[in-house]
Each structure stands twice: as structure tokens, then as C-alpha cells.
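The values are calculated or read from the model by the stated rules, or taken from the named source; none is laboratory data. Computed from a prediction, not measured in an experiment: that's the story for all the values here. Counting neighbours? That spans all protein chains shown, and the Cβs are built from the backbone with ideal geometry, glycine included.
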Amino acid sequence: MSKFYPNVGDEDGIEAGANWGAMAAIGLGFMALLGAVPSFYAVVRSAGIEGAEGFLLVNAILLAAIVLSALFCFFAAWRFMQRKGLVLGILLTVLTVIDMLGKLARVALGVIPLWYLALLLLDGLILYGLLHGIRAARGAKRLGALAETNLGEVFG
């Protein structure tokens, strides 16, 4: 069995693919939480300032949305570890691709620094892990009840 491209036709490969998917989803969730730090700081610093209600409201909504997206990523990781999560994995993969295209467009337009390409590389690794998680969920679905059956009792 290949370490970087597990065979999802057997239980060991499904477990390896599920681990890849779960690690990628957890990494994506922590990256989202890291992005929530500026919003959290803005909410805390502007809480007592008079006349900053609109600024406070926008940053509080942004903070809540980022935390919800991180929770979604952690839920997807949990589903991958249950050898399920095909739909969540596909949705997370599509959102990651859209995010990568947005980052690439910002780099191409010169709006952000060039070191931002390192985040694109990290997103590429996360996308690779998510694809293995999707493969593992499909493999577990195909394997079905056979994996839960003790074949020693059947043929013994």
C-alpha cells in the first residue's frame, strides 16, 4: 500500500484515506480560526468605544461566521473518521478550490505580498488530503457491510 496514495479497496487503505481527510479538515479548521484572530481583536478593542457600534457589529458577525466555518471543518473531520462524510468532503473541497482561486487572483493582481503563495501551497496540501478523505468515504460505502462482518465466522 502506498503511503501517499492509499488503496481504498481494503480496510487499511480506507483508514489511511480517512486519516488524510480528517487531518486536512482539522488543518483547514485551524487555519480558519487563525484568520479569526484579527476580528476577535477588533471586537474586543472596540467594545467600549462610543460610536463604533457598526464596526463592532460587522466584526462580530465576521467572527461568528469564521468560528462557524471552523466548526464545520471539525465536523467534517469527525465524519471522515467515521468513514463517512462524502457530501461534506465534496462541499469542503469545492469551497477550498474557490478559496484557492480567490487567493491566486489576488496574487496575480498584485494586491497581496508574494509570500502569500506559501498559503496556496498549504491549501494545495489540504486539498490533496481532502481528496483522499473523499476517496476513503466512497471506498467505505462500497465496502459496506463486508467490513463489519467477521469473515472468520462465516468461512470458519
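Looking across Ala47, Ala32, one residue alone is assigned to a helix (DSSP H, G or I) and not aromatic (Phe, Trp, Tyr). It is Ala32. In the stretch 5-56, what residues are at pLDDT 85 or above and either over 23 Å from the mean Cα position of the chain (by Cα) or hydroxyl-bearing (Ser, Thr, Tyr) (or both)? Passing the criteria: only Tyr41. No other residue among Leu33, Leu28, Leu71 is in contact with a Cys (Cβ under 6 Å, 6 or more places away or on another chain), under 26 Å from Leu121 (Cβ atoms) and not charged (D, E, K, R) apart from Leu28. Residues satisfying the criterion are absent from the stretch 51-68 (criterion: under 29 Å from Ala16 (Cβ atoms) and out of contact with any Cys (no Cβ under 8 Å at 6 or more places or on another chain)). On the stretch given as the stretch 80-132, residues that are exposed (fewer than 14 other Cβ atoms within 10 Å of the Cβ) and not in a helix (DSSP H, G or I) total 6.
Within the stretch 70-98, residues that are at positive phi have Cβ atoms under 7 Å from residues that are β-branched (Val, Ile, Thr) and in a helix (DSSP H, G or I) in these pairs: Arg83/Ile14, counting only partners at least 6 apart in sequence or on another chain.
Only a single item in (1) part of a helix (DSSP H, G or I); (2) touching a Gly at 6+ places or on another chain (Cβ under 9 Å); (3) surrounded by 16 or more Cβ atoms within 10 Å (Cβ to Cβ) is not met by Leu71, and it is number (3).
To keep it simple, each residue is scored yes or no on (1) aliphatic (A, V, I, L, M); (2) outside any helix (DSSP H, G or I); (3) under 24 Å from Leu122 (Cβ atoms); (4) in contact (Cβ under 8 Å) with a residue 24 or more places away in the chain.
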residue: Ala18; (1), (2), (3), (4): yes, no, yes, yes
residue: Gly21; (1), (2), (3), (4): no, no, yes, yes
residue: Asn59; (1), (2), (3), (4): no, no, no, no
residue: Ala64; (1), (2), (3), (4): yes, no, no, no
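Please determine whether any residue of the stretch 10-19 is touching a His at 6+ places or on another chain (Cβ under 6 Å) and surrounded by 13 or more Cβ atoms within 10 Å (Cβ to Cβ). Yes, the stretch 10-19 contains at least one residue that is touching a His at 6+ places or on another chain (Cβ under 6 Å) and surrounded by 13 or more Cβ atoms within 10 Å (Cβ to Cβ).
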